[in-house]
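Chemist: The structure that follows is given in the form of structure tokens.
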Amino acid sequence: MTPLALEPITAAGLLITDTCPARCRHCYVVAGPDRTGWMTAQAAAAHFAALARLGVRAEGIHVGGGEPFGDFERLLAIVRAARSAGLGGVGYVETNGGWATSEALARERLATLAEAGMRQLAISADPYHQEFVPPERVQLLHAVAREVLGRGGVRARRWKWLHEARDVAAMPETARLDLFRTFLQRYPERMAGRAAEQLSELVPRRPVEELPAEGCRRALLQSRHVHIDPGGWVYAGTCAGIVFGCATGDRPLDELLGRWRPEDSPLLALLAEGGPRRLLDAAARHGFTPAPGGYADKCHLCWSVRKHLVRAGAGDATLQPPEIYLS
């Protein structure tokens, strides 16, 4: 088998906060109002400089959270820092749009960010967000963004939903679950983080022996994409809670990634080679037993095993930060 190696990074997301006024049921980083982490503009500038040294271009970089508009002045400073690092700005900024309480506010903030180097706005619109964010706010933000940024300057996570969005908060719980179940059939979610806890019951499950047995090399080492959280933890691709290490002033992002070896992250290497079923074998020594009802997908199994390992004190430095698993 080909030795494990991390392919060069061409895209990255700075998750500048884990705090969010919403607590969406599908959130794989488990953001919410009870989380309080924020990335400093100084740390973001260091990450941007490292990405520039790695050859990542502005269009490959995004800023998200949590909800980055929760501290607009910090967000603005971070977007400006990308330009100062020689990147020319950032590809896009993500938002749930809950802050867009008026056309004037939306117009002012979008124009300011565009001038600072934001090339596109990405609006998170789906039933899970609309359980917390009134649909008229995301529709207002989308309309204003098309005026301020141009048609190509805005996109929505679920375009069709944006135009048919309903006030999910006003629905009784049984109707919400029916909506989520139908939506999952159209748009499957990664069953990790909060989705594993709150949405996995809405989709069919399979026993462990029927789940894919291949390793996760492509997702972990070949996606050419990382996310950096407020504490500097560098997630492999979109697998929140599985890290290459922590990027700090003493060990900047480009150095961390350039020197990464499988022995630096034993559980990541185990997953890359054998997938969640191999991790399951390791977790059995720490008392893990598979759920009798099975799992929605292999990511659901992976999340369940990782969560057990962390809570058993056997997660090692690969499974970070603990807040994701313990919240």
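Chemist: Which residues, taken from the stretch 314-326, are in contact with a strand residue (DSSP E or B) (Cβ under 8 Å, 6 or more places away or on another chain) and either outside the structural domain of residue 266 (by TED's automatic domain parsing) or assigned to a helix (DSSP H, G or I) (or both)?
Modeler: Once the filter is applied, which keeps residues that are in contact with a strand residue (DSSP E or B) (Cβ under 8 Å, 6 or more places away or on another chain) and either outside the structural domain of residue 266 (by TED's automatic domain parsing) or assigned to a helix (DSSP H, G or I) (or both), the stretch 314-326 yields 324, 325.
Chemist: Got a sec? Which of 84, 124, 102 is closer than 30 Å to residue 182 by Cβ, assigned by TED's automatic domain parsing to the domain that holds residue 66 and hydroxyl-bearing (Ser, Thr, Tyr)? If you could, list the steps in order and put the result at the bottom.
Modeler: Numbers: 84 fails: closer than 30 Å to residue 182 by Cβ; 102 fails: closer than 30 Å to residue 182 by Cβ.
Sole residue among the options that is closer than 30 Å to residue 182 by Cβ, assigned by TED's automatic domain parsing to the domain that holds residue 66 and hydroxyl-bearing (Ser, Thr, Tyr): 124.
Chemist: Go through the residues of the stretch 148-156 one by one and say whether even a single one is in contact with a helix residue (DSSP H, G or I) (Cβ under 6 Å, 6 or more places away or on another chain) and at pLDDT below 95.
Modeler: Yes, because at least one residue in the stretch 148-156 is in contact with a helix residue (DSSP H, G or I) (Cβ under 6 Å, 6 or more places away or on another chain) and at pLDDT below 95.
Chemist: Determine, yes or no, whether residue 256 is within 22 Å of the chain's Cα centre (by Cα), surrounded by fewer than 22 Cβ atoms within 10 Å (Cβ to Cβ) and hydrophobic (A, V, I, L, M, F, W, C).
Modeler: On the way: within 22 Å of the chain's Cα centre (by Cα): yes; surrounded by fewer than 22 Cβ atoms within 10 Å (Cβ to Cβ): yes; hydrophobic (A, V, I, L, M, F, W, C): yes.
Yes, satisfied.
Conditions (1) over 19 Å from residue 28 (Cβ atoms); (2) of a type outside the set (Ser, Thr, Tyr); (3) surrounded by 17 or more Cβ atoms within 10 Å (Cβ to Cβ), marked per residue:
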residue: 280; (1), (2), (3): yes, yes, yes
residue: 284; (1), (2), (3): yes, yes, no
residue: 287; (1), (2), (3): yes, yes, no
residue: 297; (1), (2), (3): no, yes, yes
residue: 318; (1), (2), (3): no, no, yes
residue: 321; (1), (2), (3): no, yes, yes
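Chemist: Residue 143 passes all but one of (1) of a type in the set (A, V, I, L, M); (2) over 15 Å from residue 97 (Cβ atoms); (3) free of Cβ contacts under 8 Å to residues at least 12 places away in the same chain; which number fails?
Modeler: Single failed check for residue 143: (2).
Chemist: Could you list, in sequence order, the residues of the stretch 173-184 that are without any contact (Cβ under 8 Å) to a residue 12 or more places away in the chain and within 14 Å of residue 161 (Cβ to Cβ)?
Modeler: Going through the stretch 173-184, the residues without any contact (Cβ under 8 Å) to a residue 12 or more places away in the chain turn out to be 173-175, 178, 182.
Correct list: 182 only.
Chemist: Would the stretch 233-252 turn up any residue that is hydroxyl-bearing (Ser, Thr, Tyr), over 25 Å from residue 192 (Cα atoms) and over 19 Å from the mean Cα position of the chain (by Cα)?
Modeler: Keep residues of the stretch 233-252 that are hydroxyl-bearing (Ser, Thr, Tyr), which gives 235, 238, 248.
Pick out the ones that are also over 25 Å from residue 192 (Cα atoms) and you get 248.
If we keep only those that are over 19 Å from the mean Cα position of the chain (by Cα) as well, we get 248.
There is at least one residue in the stretch 233-252 that is hydroxyl-bearing (Ser, Thr, Tyr), over 25 Å from residue 192 (Cα atoms) and over 19 Å from the mean Cα position of the chain (by Cα).
Chemist: Name the single residue that is nearest to the chain's Cα centre (by Cα) among those in the stretch 147-187 being part of a loop (DSSP other than H, G, I, E, B) and exposed (fewer than 13 other Cβ atoms within 10 Å of the Cβ). Before you say what the answer is, go through the steps one by one.
Modeler: Residues of the stretch 147-187 part of a loop (DSSP other than H, G, I, E, B): 150, 157-158, 165-167, 171-172, 187.
Remaining after also requiring exposed (fewer than 13 other Cβ atoms within 10 Å of the Cβ): 150, 167, 172.
Values: 150: 26, 167: 24, 172: 28 Å.
Among them, the one singled out is 167.
Chemist: Note down all Cβ pairs under 7 Å where the first residue falls in the stretch 31-56 and is not assigned by TED's automatic domain parsing to the domain that holds residue 20, the second is part of a loop (DSSP other than H, G, I, E, B) and surrounded by 19 or more Cβ atoms within 10 Å (Cβ to Cβ), and they're at least six residues apart or on different chains.
Modeler: The qualifying pairs do not exist here.
Chemist: Assuming residue 220 fulfils every condition listed in (1) among the hydrophobic types (A, V, I, L, M, F, W, C); (2) under 15 Å from residue 303 (Cα atoms); (3) out of contact with any helix residue (DSSP H, G or I) (no Cβ under 8 Å at 6 or more places or on another chain) apart from one, which condition is it?
Modeler: Failing condition for residue 220: (3).
Chemist: If I filter the stretch 8-24 for residues that are part of a loop (DSSP other than H, G, I, E, B), of a type in the set (Lys, Arg) and not assigned by TED's automatic domain parsing to the domain that holds residue 260, do I get at least one hit? Steps first, answer last, please.
Modeler: Restricting attention to the stretch 8-24, the residues satisfying the condition of being part of a loop (DSSP other than H, G, I, E, B) are 8-10, 16, 18, 20-24.
Filter once more, keeping what is of a type in the set (Lys, Arg): 23.
Next cut, not assigned by TED's automatic domain parsing to the domain that holds residue 260 only: 23.
Taking every residue of the stretch 8-24 in turn, at least one turns out to be part of a loop (DSSP other than H, G, I, E, B), of a type in the set (Lys, Arg) and not assigned by TED's automatic domain parsing to the domain that holds residue 260.
Chemist: So, one more: Does the stretch 224-239 hold any residues that are in contact (Cβ under 8 Å) with a residue 24 or more places away in the chain and part of a loop (DSSP other than H, G, I, E, B), and which are they?
Modeler: 224, 229, 230, 231, 232, 238 - these are the residues of the stretch 224-239 that are in contact (Cβ under 8 Å) with a residue 24 or more places away in the chain and part of a loop (DSSP other than H, G, I, E, B).
Chemist: Of all residues in the stretch 188-202 being among the hydrophobic types (A, V, I, L, M, F, W, C) and under 16 Å from residue 129 (Cβ atoms), which is farthest from the chain's Cα centre (by Cα)? Lay out the reasoning, then the answer.
Modeler: The initial filter retains those residues of the stretch 188-202 that are among the hydrophobic types (A, V, I, L, M, F, W, C), namely 191-192, 195-196, 199, 202.
When the remaining residues are screened for being under 16 Å from residue 129 (Cβ atoms), the result is 195, 199.
On the way: 195: 12, 199: 17 Å.
Step by step, filter the stretch 188-202, then rank; the result is 199.
The values are calculated or read from the model by the stated rules, or taken from the named source; none is laboratory data. Remember, it's a predicted structure, so these values are computed and weren't measured experimentally. Cβ atoms come from the backbone with ideal geometry, glycine included; neighbour counts cover every protein chain shown.
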